[in-house]
Amino acid sequence: MSNDLHEANRRRWDAAAEGWARGADARGLWRRCPAEPELVLCDRELAYLRGGVAGQHVCVLGSGDNQVAFALAGLGASVTSVDISQPQLDVAARRAQELNLEMSFVRADVTDLSALRNGSFSVVYTGGHVAVWVSDLSAYYAEAARILEPNGLFMVCEYHPFRRVWKESRDLLAVEYPYFSRGPFEYDVSAEVLYAKPGTFKSYEFHWTVSDYVGAALQAGCRVLELHEFGEAVAEWEGAPLHGLPEFLLIVARKDVEPAGPGDASQHP
Ligand SMILES: C[S@@+](CC[C@H](N)C(=O)[O-])C[C@H]1O[C@@H](n2cnc3c(N)ncnc32)[C@H](O)[C@@H]1O
């Protein structure tokens, strides 16, 4: 079923794709990450993925610039890259060809992965500013869990929610969005995503809390193995002095072999 807010975001991302590609070209990471996955995956992520994904079917949801997808392909995984924006996927497919990586690209909304079969992946990876565009975190993670095989690995590495609440300011940290306000936050913006200016595109953003992320993974029938907060870098585009706040939230989970039903106390000692 089509979601009007997601469709508006898709139109914006479609228009943003070539500019986003130029930004990634300037950083140059996408060329290096198949051979140097540590450029885009932290040690904790690699502890699960390096040595574990070769020959496995892995899906990356909201794949964007596909740096993580390329890193996983470089580790020997058979990667399916999913994004709502066809122009984003077109850029990624062009690059995959240049890198000589065989991958599949599927255009889909992360809340409706009906194009992908139940239990068809041993790893699902998502994150790096995807949930901020998604209106229903529970539906998103339920779909991720559905396409995972039993005991499959679900890995989420998202921009930390503590970084989303601040007023734009060079030197003052002041709350603009209460932590518990999930949105939607509606903006009239230009196609440029990183340094958005006022413009004619509608954009809808959502602010999820730490417990929203963990709760959605549990509700999807996954058991959480590890929760990790890391990173301290502050980028120019963040627009506030965020030093001292965590940069990323990592959730590592496995799909339960038999997902617990609501109120099934035996699964929760
Ligand atoms: C900031 S990128 C994040 C991915 C990657 N970390 C990156 O930096 O390119 C956001 C990506 O999510 C995609 N996206 C937004 N909403 C989506 C949705 N509902 N379903 C699937 N992909 C979505 C956008 O098209 C975009 O490519």
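For the chain, the relative contact order comes to 17 percent (Cα pairs under 8 Å, sequence separation of at least 6).
Every helix of 4 or more DSSP H residues in the chain counts as -39500 (n - 2.57), and over all residues that averages to -9000 deg cm²/dmol at 222 nm. For the range 168-246, the Cα-based Rg and Dmax, in that order, read 15.7, 43 Å. Put a plus charge on the Cβ of each Lys and Arg, a minus charge on the Cβ of each Asp and Glu, and nothing anywhere else: the dipole of the chain about its Cα centre is then about 300 debye.
Centroid-to-centroid, using Cα positions, the range 211-249 and the range 148-162 are 11 Å apart.
Exposure proxy ranking for Tyr177, Tyr195, based on other Cβ atoms within 10 angstrom of each Cβ and starting from the fewest, stands as Tyr195, Tyr177. By the equivalent-ellipsoid construction on the alpha carbon gyration tensor, the range 80-149 comes out with semi-axes of 21, 15, 10 Å, ordered largest to smallest.
The three principal axes of the Cα atoms in the range 7-59 give end-to-end lengths of 38, 27, 20 Å, sorted in falling order. Counting neighbouring beta carbons within 10 Å and listing from fewest to most, the residues Cys33, Cys59 come out as Cys33, Cys59. Remark: Ser135, Ser181, Ser81 ranked as Ser181, Ser135, Ser81, counting other beta-carbon atoms within 10 Å and listing the fewest first.
When the chain is treated as a Gaussian network with alpha carbon springs shorter than 10 Å, the biggest mean-square fluctuation among Ala145, Ala233, Ala92 belongs to Ala233.
Across 10 Å bins from 0, what is the distribution of all Cα-Cα pair distances for the range 160-206, in whole percents? Taking every Cα pair in the range 160-206, the percentages come to 23, 48, 29, 0. Each listed q (0.11, 0.13, 0.16 Å⁻¹) maps to a log10 I(q)/I(0) for the chain, found by the Debye formula over equal Cα scatterers with no solvent: -0.60, -0.87, -1.37. Segment Tyr195..Asp256, full-extension length gain: 17.9 nm, with 0.36 nm per residue of separation and the alpha-carbon distance subtracted. Toward the positive end of the charge dipole of the chain, with +1 on the Cβ of Lys and Arg and -1 on the Cβ of Asp and Glu, the farthest Cα among Pro87, Ala233, Ala174 is that of Pro87.
Coordinate range of the alpha-carbon atoms in the range 1-123 per principal axis, descending: 40, 38, 26 Å. Which percentage, to the nearest 5, of the DSSP beta bridges contained in the chain is antiparallel? Around 55 percent of the beta bridges assigned by DSSP in the chain are antiparallel ones.
Read the figures in this text as sums done on the coordinates, not as results from a lab. These figures come from a predicted structure and were not determined experimentally. So basically every Cβ, Gly included, is an ideal-geometry build from the backbone, and we count neighbours across all protein chains shown.
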